[in-house]
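Participant: This is the structure I have questions about; it appears just below.
The values are calculated or read from the model by the stated rules, or taken from the named source; none is laboratory data. None of these values were measured; they are calculated from a predicted model. Don't worry about glycine lacking a Cβ; one is built from the backbone with ideal geometry, like all the others, and counts go over all protein chains shown. Areas reflect the complete protein model, heavy atoms only, side chains present, ligands, DNA and RNA absent. Shrake-Rupley method; radii C 1.70, N 1.55, O 1.52, S 1.80 Å.
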Amino acid sequence: MSTIRRTWKINGKTVAVRFPAGRRLLDVLREDLGLIGSKESCGEGECGACTVIVNDEPVVSCILPAGQLADGTEILTVEGIEKKRVGRLIQQAFIEVGAVQCGFCIPGMVVSSYALLCKNPKPSTKAIREGLAGNLCRCTGYTKIIAAVKLAASRIPAAKRT
Amino acid sequence: MTKRTSKPVRLIGKGMPRVDADGKVRGTTRYLNDIDYKGIWHGVVVRSPVPRGILRAIVPGPAFAGDNLVLATAKDIPGENVVHMHDRTMPLLAEIGGEIRYRGEPVAVVAAATPEQAAAAARDVRIEVDELPPLLTLDEAVAIFKSAPGKLDTMKEQTIVKGDLAQGFTAADDVVEAEYWAGHQEQLYLENQGLVVFPQKDGSILSEGSIQCPYFPVHELNDPLKLPPEKIRVRQTPIGGAFGGKEDYPTMLTGYAALPALKSGKPVKITYERNEDILFTPKRHPVWVRFKTGFKKDGTLTAIECDYILDGGAYLTISDVVMYRGILHCALAYRCDNVVIRGKVARTNSFPCGAFRGFGAPQAIWGIESHMDAIAARLGKTPHEYRLQVHARPGDVTPTGQTLSDENGSTACLKLALKRSDFARKLRQASRGKLRKGQKKFVGVGLSFFAHGSAFTGDGEAKFKAKGRVELARLEDGKPGINIRVSSTEMGQGVHTIFTQIAADALSLDAARIRFPMADTGLVPNSGPTVASRTTMVVGNVVYRAALDLKNQIESFAALRFFKGAPAELRGSRLLSKGARPVSFETAAKAMLAEIGSASGFFEFLLPADIRWDQATFKGDSYPGYSWSANVAEIEIDPLTCELEVKRVTAIVDIGRVINPVTATGQVEGGLTQALGYAVMEKIGTGKNGLYDAARLQTYIIPTALDVPEYDVKFVEYPYSFAPPGAKGLGELPMDGLAPAIANAIEAAIGRRLRQIPLTPEAIFAALHPAQGGTP
Ligand code: FES
Ligand code: FES
């Protein structure tokens with residue numbers, strides 16, 4: 001099998017990776033780079049536990065062949081999000097409102113929430129529900145997660161969004 | 001006492017943030033598959049390709065020629081080939097010459113150095129079976145029961161009798177009889193099943209993984225593995241959801257992994273992918289329940305007769321207890337002097353069903369709560385007025401003869417739910433199958449009312465005697481603190497947080513000095529499994545008492561060491577003694593650890609001496625305490641697509657003392673959402689080939705953020721005073737009553753009653769258009 005080499009910017013750092021063709025982005029992140037914050041639950045793009053941000057768009061990394069990402073691609077995982085101001089606000093809000101239970105969906109939820117708030121810093125409830133519709137949670141019933149995103153949004157200063 | 005009067009902070013009743021949230025939002029919490037185990041092998045279970053037959057041969061192919069590979073079959077089982085469970089009938093692996101009883105029944109386990117090699121080898125095992133005709137579904141079993149009850153193959157039966165049923169029907173002015181069906185449900189924890197078994201030098205094993213009840217494998221695998229309990233050690237990794245799904249099954253999984261581990265001497269990890277997890281782990285039991293009820297013109301219930309049959313699958317495993325909980329909840333919430341409830345666990349050639357939040361009760365409550373609306377309709381009463389008239393309240397006697405104490409908030413739940421949801425008004429405005437002026441959708445509102453028994457059934461807790469320890473220890477920062485040592489597992493429900501609150505209040509100590517390490521049977525006494533809505537009520541009480549015991553010891557030590565024998569009190573993280581300078585907890589605890597070495601408080605759970613329970617007749621006090629709830633569902637149905645939208649749900653809940661209102665509300669919202677999925681969308685059954693007919697998240701649909709209604713959750717507190725801090729069970733209650741509330745709302749919206757869940761648009765369409773093949 002042919003080996004692919006790429007240089008990406010992951011969580012703000014330039015990283016050179018090598019992987020066999022066909023390897024999923026999720027495996028490169030988790031197994032090759034030790035970024036275990038992204039989770040695998042369904043492995044077929046249905047649950048969002050593996051969500052990461054690729055060039056400002058949330059994607060499910062379990063069905064994305066890593067080779068499709070060109071050199072210079074910017075990838076943000078949950079590990080990088082806490083270094084962002086809005087990311088930290090989201091994480092704090094999740095803790096404060098009690099939006100976390102078993103936690104398995106939470107990294108994906110945090111990543112999707114971040115992607116949403118970057119695009120739409122003052123989302124309506126409907127927009128939040130839509131923004132999180134690709135992330136399944138079996139524990140919380142989503143109510144507190146939606147409340148957490150609202151709370152985080154309310155704390156983003158109008159001037160410095162993202 | 002000192003003059004200091006400021007009160008120490010109390011945490012019970014406060015929404016203290018979760019102690020485990022930080023790692024979870026940052027992605028640093030290490031679940032099983034995030035742990036980098038070096039040098040482990042990977043196991044794959046080889047399964048029967050048919051649902052029933054005689055196993056003739058297991059033939060390994062060429063893939064087994066290489067090294068670093070092992071195949072374990074029943075021949076490799078060190079002891080007797082049986083997993084204890086409740087009736088000691090299920091083999092760990094099927095035997096040559098023995099009967100295969102379900103599709104996917106484990107026949108062998110392959111382990112190899114890489115997952116790919118193990119999977120390839122597993123595919124290279126040929127299983128030869130002489131097929132026999134299977135009985136696959138509950139429908140078939142019920143058909144047999146109806147035509148020739150004696151021919152139904154049951155694994156367990158139990159009857160509850162109160163009063164004189166015949167007399168009850170004689171006294172009745174009218175009778176309503178109906179059947180209700182409920183299908184399978186998948187737990188769908190987001191983290192799939194998995195664990196690693198490490199063989200130890202002394203022949204013992206250590207099993208580590210996503211395990212809800214660490215003491216189960218310790219006591220269920222002694223015969224097959226020929227290991228005494230002390231040679232099976234089990235510890236929990238952080239659990240990504242369980243809901244009962246990781247209660248009974250990890251015992252099997254530990255057994256499967258242990259065989260190649262013991263044979264090869266290598267640690268063996270088995271972890272399922274989603275597809276395998278859905279296909280080959282236990283589900284909620286499908287249930288058929290029939291109610292025949294007699295009542296007087298004024299509504300008084302004079303007779304309740306009920307048959308409750310659940311599909312246990314191919315082996316009993318734990319289904320007897322699920323059936324018990326089911327029948328105990330069939331007629332629990334209403335006054336009636338004459339009751340007969342007959343429960344049966346039917347055997348089918350399908351995957352054995354297991355534990356799922358609610359444990360038989362949601363199916364029972366689905367039936368009775370639909371049925372109560374049907375009776376009210378026959379009487380010409382509204383469903384809420386009828387429930388207000390006949391619901392059980394303190395002083396009433398349950399079907400098993402238990403008198404409800406005044407620690408039951410049944411009436412309060414019902415009344416508050418009606419008030420907060422404005423039920424009566426909304427019911428008057430329900431469409432009843434006719435769109436009113438300006439309406440584009442049918443609207444309806446429905447009610448359900450129910451109790452859930454907290455803790456083990458009957459005298460289970462009295463016999464079990466849950467044990468727990470609270471110990472003084474040096475924490476990771478080198479300073480003294482407290483470790484809570486109980487076998488309760490954190491699965492997301494919040495036990496690590498609320499037990500920290502309970503211990504902090506009992507000790508009057510800063511919660512920051514308290515730790516609750518993951519359960520490890522090598523280190524914690526057996527406080528019982530984390531099931532049955534028992535943890536906060538029973539084990540919470542154990543933690544509370546053990547913490548008080550430790551507090552006494554610390555105070556006695558401090559009195560002698562610092563206060564010349566004068567009494568001391570640990571209060572607000574300081575030791576206080578009248579007229580003396582306070583001593584910090586840190587100083588006192590350091591001195592205690594230095595001088596005594598260790599200290600711990602201990603408690604063993606007791607039940608009141610007058611608790612009565614007869615397991616043979618099912619008479620007596622069926623549960624130590626009852627939690628109550630009333631649910632109101634408000635819905636809309638599109639007349640063209642028959643799409644149903646649940647707009648708003650009111651849930652009023654009595655769980656006694658609420659330890660943490662934030663985590664408790666989260667439990668209710670999460671449970672209601674699982675109940676929503678159960679009620680309207682989650683559909684899975686045993687297909688003709690013996691496999692579940694939905695095997696992926698593309699086909700098994702659970703609620704998303706777009707599906708959840710607005711929730712109005714409120715607590716009314718009727719504490720269980722026998723076991724401070726006074727909590728009753730919460731975990732299962734929110735799963736119990738939403739399905740019938742929605743079915744009742746559908747009836748109000750379209751004027752038709754649906755008697756099978758899930759209540760899909762197809763079923764609603766069929767009910768609205770009986771001429772096109774549906775039944776009204
Ligand atoms: S694991 Fe990627 S979407 Fe489920
Ligand atoms: S918190 Fe458990 S799946 Fe979301």
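Participant: Given the C-alpha centroids of segment B:350-400 and segment B:73-100, what is the distance between them in whole angstrom?
Facilitator: Comparing the Cα centres of segment B:350-400 and segment B:73-100, I get a distance of 39 Å.
Participant: Further question: For a distance above 16 Å, tell me the whole-number percent of Cα pairs in segment A:81-161 that qualify.
Facilitator: Looking at segment A:81-161, the distances longer than 16 Å represent 41 percent of pairs.
Participant: Mind giving me the FRET efficiency for B:ASP614 and B:ARG393? R0 is 30 Å, r the Cβ-Cβ distance, nearest 0.05 is fine.
Facilitator: On the way: r = 25 Å, r/R0 = 0.83.
For B:ASP614 and B:ARG393, the calculated efficiency is 0.75.
Participant: In square angstrom and rounded to 100, what buried accessible area do you get between chains A and B, total over both, with the probe at 1.4 Å?
Facilitator: Result for this pair: about 3700 Å² buried.
Participant: So what is the accessible area of segment A:3-77 per residue, in Å², with the probe set to 1.4 Å?
Facilitator: Accessible area per residue: 43 Å².
Participant: Suppose we look only past 12 Å in the calculated P(r) of segment B:703-758. What percent of the Cα-Cα pairs does that tail hold?
Facilitator: For segment B:703-758, the share of Cα pairs beyond 12 Å comes to 79 percent.
Participant: Classify chain B as rounded, prolate or oblate, taking a ≥ b ≥ c as the square roots of the eigenvalues of its Cα gyration tensor: rounded when a/c is under 1.5, otherwise prolate if a/b is larger than b/c and oblate if not.
Facilitator: Values: a/c = 1.80, a/b = 1.11, b/c = 1.62.
Oblate, because a/c is 1.5 or more while a/b does not exceed b/c.
Participant: Another question, if that's okay. If you count only protein heavy atoms and use a 1.4 Å probe, how large is the accessible surface of B:GLU710, to the nearest 10 Å²?
Facilitator: About 100 Å², rounded to the nearest 10.
Participant: Angle, helix A:106-119 long axis vs. longest principal axis of chain A, Cα atoms, 0 to 90°, nearest 10?
Facilitator: Relative to chain A, helix A:106-119 is tipped by roughly 80 degrees.
Participant: Would you mind computing, in nm to one decimal, how far apart the modelled labels at B:ILE144 and B:ASP87 are, each placed 7 Å from Cα along Cα→Cβ?
Facilitator: 1.2
Participant: Something else now. According to the Kirkwood expression over distinct Cα-Cα pairs, how big is the hydrodynamic radius of segment B:632-766, in Å?
Facilitator: Answer for segment B:632-766: a Kirkwood hydrodynamic radius of 16.4 Å.
Participant: Under the definition of partner shielding as Cβ atoms of other protein chains within 10 Å of a residue Cβ, what is the mean value for peptide B:190-201?
Facilitator: Per residue, the average neighbour count from other chains is 3.
Participant: Can you put B:MET323, B:MET518 in order of accessible area, largest first, using a 1.4 Å probe?
Facilitator: Numbers: B:MET323 0, B:MET518 70 Å².
These residues rank, largest area first, as B:MET518, B:MET323.
Participant: Using only Cα atoms, what Kirkwood radius does the protein assembly as shown have, in angstroms?
Facilitator: Details: mean 1/r = 0.0344 Å⁻¹.
For the protein assembly as shown, inverting the mean 1/r across all distinct Cα pairs yields 29.1 Å.
Participant: Now for a different question. If you average the alpha carbon positions of segment A:17-88 and of segment B:175-250, how far apart do those two centres end up, in angstrom?
Facilitator: Each part reduced to its Cα centre gives a spacing of 31 Å.
Participant: Add +1 for every Lys or Arg and -1 for every Asp or Glu among the other residues with Cβ under 12 Å from the Cβ of B:PRO267, and state the total.
Facilitator: Summing Lys and Arg as +1 and Asp and Glu as -1 gives +2.
Participant: Further, regarding this structure: Can you work out the accessible area per residue across chain B, with the rest of the protein chains kept in place, probe 1.4 Å, in square angstrom?
Facilitator: 35
Participant: With just the Cα atoms defining each centre, how far is segment B:135-164 from segment B:665-696? Give it in Å.
Facilitator: After rounding, the separation between the Cα centres reads 25 Å.
Participant: If you don't mind, there's one more thing I want to ask. Considering only protein heavy atoms, what is the solvent-accessible area of A:THR51 at a probe of 1.4 Å, reported in Å² to the nearest 10?
Facilitator: Surface accessible to solvent at A:THR51 totals approximately 10 Å².
Participant: 7 Å from Cα along Cα→Cβ at both B:ASP693 and A:LYS13: what's the point-to-point distance in nm?
Facilitator: Computed distance between label sites B:ASP693 and A:LYS13 equals 5.1 nm.
Participant: Further question on the same structure: Positive end of the charge dipole of chain B (Lys, Arg +1 and Asp, Glu -1 on Cβ, about the Cα centre): tell me which of B:ALA589, B:GLY601, B:ALA361 has its Cα farthest that way.
Facilitator: Farthest along the dipole direction, towards plus: B:ALA589.
Participant: Also: For segment A:81-161, what does the accessible surface come to per residue with a 1.4 Å probe? Please give it in Å².
Facilitator: With the other protein chains kept in place, segment A:81-161 gives 34 Å² per residue.
Participant: How big is the charge dipole of segment A:3-77 about its Cα centre, in debye rounded to the nearest 20, if each Lys and Arg gets +1 on its Cβ and each Asp and Glu gets -1 on its Cβ?
Facilitator: Dipole magnitude for segment A:3-77 comes out near 340 debye.
Participant: Then there's this: Tell me, what is the percent relative contact order of chain B, built from C-alpha pairs under 8 Å that lie six or more residues apart?
Facilitator: So the answer I get is 16 percent.
Participant: Select from B:LEU132, B:PHE216, B:VAL658 the residue farthest towards the positive end of the dipole of chain B; place +1 on Cβ of Lys and Arg, -1 on Cβ of Asp and Glu, and compute about the Cα centre.
Facilitator: Positive-most Cα among the choices belongs to B:VAL658.
Participant: Note down the net charge around B:PRO761, summing +1 for each Lys or Arg and -1 for each Asp or Glu among other residues with Cβ under 11 Å from its Cβ.
Facilitator: Cβ neighbours under 11 Å give a net charge of -4.
Participant: Along the charge dipole of chain B, Cβ charges K/R +1 and D/E -1, which of B:LEU447, B:HIS42, B:ALA547 sits furthest on the positive end?
Facilitator: Working it through, the farthest residue towards the positive pole turns out to be B:ALA547.
Participant: Is any residue of segment B:454-484 close enough, with backbone N under 19 Å, to a label point placed 7 angstrom from the Cα of B:ALA594 along the Cα-Cβ axis, and if so, which?
Facilitator: The answer is B:472-482.
Participant: A follow-up question, please. Find out how many positive minus negative residues lie around B:LEU11, taking Lys and Arg as positive, Asp and Glu as negative, among other residues whose Cβ is under 14 Å from that of B:LEU11. Before the final figure, lay out the partial values.
Facilitator: Details: positive: B:LYS7, B:ARG10, B:LYS14, B:ARG18, B:ARG513, B:ARG657; negative: B:ASP505, B:ASP510.
Cβ neighbours under 14 Å give a net charge of +4.
Participant: Here is a further query. Only helical DSSP H runs with n ≥ 4 go in: add -39500 (n - 2.57) per run for chain B, normalise by residue count and round the 222 nm mean residue ellipticity to 500 deg cm²/dmol. Please list the in-between numbers first.
Facilitator: Working: 21 runs with 217 residues, N = 776.
Calculated from helices alone, the mean residue ellipticity at 222 nm is -8500 deg cm²/dmol.
Participant: To continue, here is another question. Would you work out the relative contact order for segment A:3-77, in percent, from Cα pairs under 8 angstrom that are 6 or more residues apart?
Facilitator: Numbers: 140 pairs, mean separation 29.1, N = 75.
Over segment A:3-77, the number comes to 39 percent.
Participant: Under 5 Å between amide hydrogens, which residues at least 5 positions from B:ILE514 or on another chain qualify, with H placed 1.01 Å from N in the peptide plane?
Facilitator: Sorted by chain and number, the residues that satisfy this are B:ILE482.
Participant: Put one equal scatterer on each alpha carbon of segment B:651-714, apply the Debye formula with no solvent term, and list log10 I(q)/I(0) at q = 0.13, 0.19, 0.25 1/Å to two decimals.
Facilitator: -0.50, -0.78, -1.05
Participant: Next up: Can you give me the distance in nm between label points at B:PHE602 and B:GLU80, each placed 7 Å from the Cα along the Cα-to-Cβ direction?
Facilitator: 3.1
Participant: Given a 1.4 angstrom probe, I'd like the percentage of the accessible area of the protein assembly as shown that is carbon and sulfur, rounded to a whole number.
Facilitator: Exposed carbon and sulfur together represent 51 percent of the surface.
Participant: Rounded to the nearest 0.05, what FRET efficiency do B:ASP422 and A:LYS83 have when you use their Cβ-Cβ distance and R0 = 60 Å? Let's see the in-between values first.
Facilitator: On the way: r = 48 Å, r/R0 = 0.80.
My answer for the efficiency is 0.80.
Participant: Mind putting a number on the dipole of chain B about its Cα centre? Charges go on the C-beta only, +1 for Lys and Arg and -1 for Asp and Glu, and I need it in Debye to the nearest 20.
Facilitator: Using only the charged Cβ atoms, the result is roughly 2140 debye.
Participant: Accessible surface of B:PHE216 in the full protein assembly, 1.4 angstrom probe, to the nearest 10 Å²?
Facilitator: 50
Participant: From zero up to wherever the largest Cα-Cα distance of chain A sits, split into 5 Å bins and tell me the percent of pairs in each.
Facilitator: 2, 10, 19, 22, 19, 13, 8, 5, 1, 0, 0
Participant: Using the Cα centre of segment A:81-161 as the reference point, and only Cβ charges (+1 on K/R, -1 on D/E), how large is the resulting charge dipole? Debye, rounded to the nearest 20.
Facilitator: For segment A:81-161, the charge dipole is close to 320 debye.
Participant: I've got another one for you. What relative contact order, as a whole-number percentage, does segment A:81-161 give when Cα pairs under 8 Å and 6 or more residues apart are counted?
Facilitator: Over segment A:81-161, the number comes to 44 percent.
Participant: Sticking with this structure for a sec: Just A:ARG138, A:ARG88, A:ARG24 to compare: in a GNM of chain A, with alpha carbon springs under 10 Å, which one fluctuates most?
Facilitator: A:ARG138
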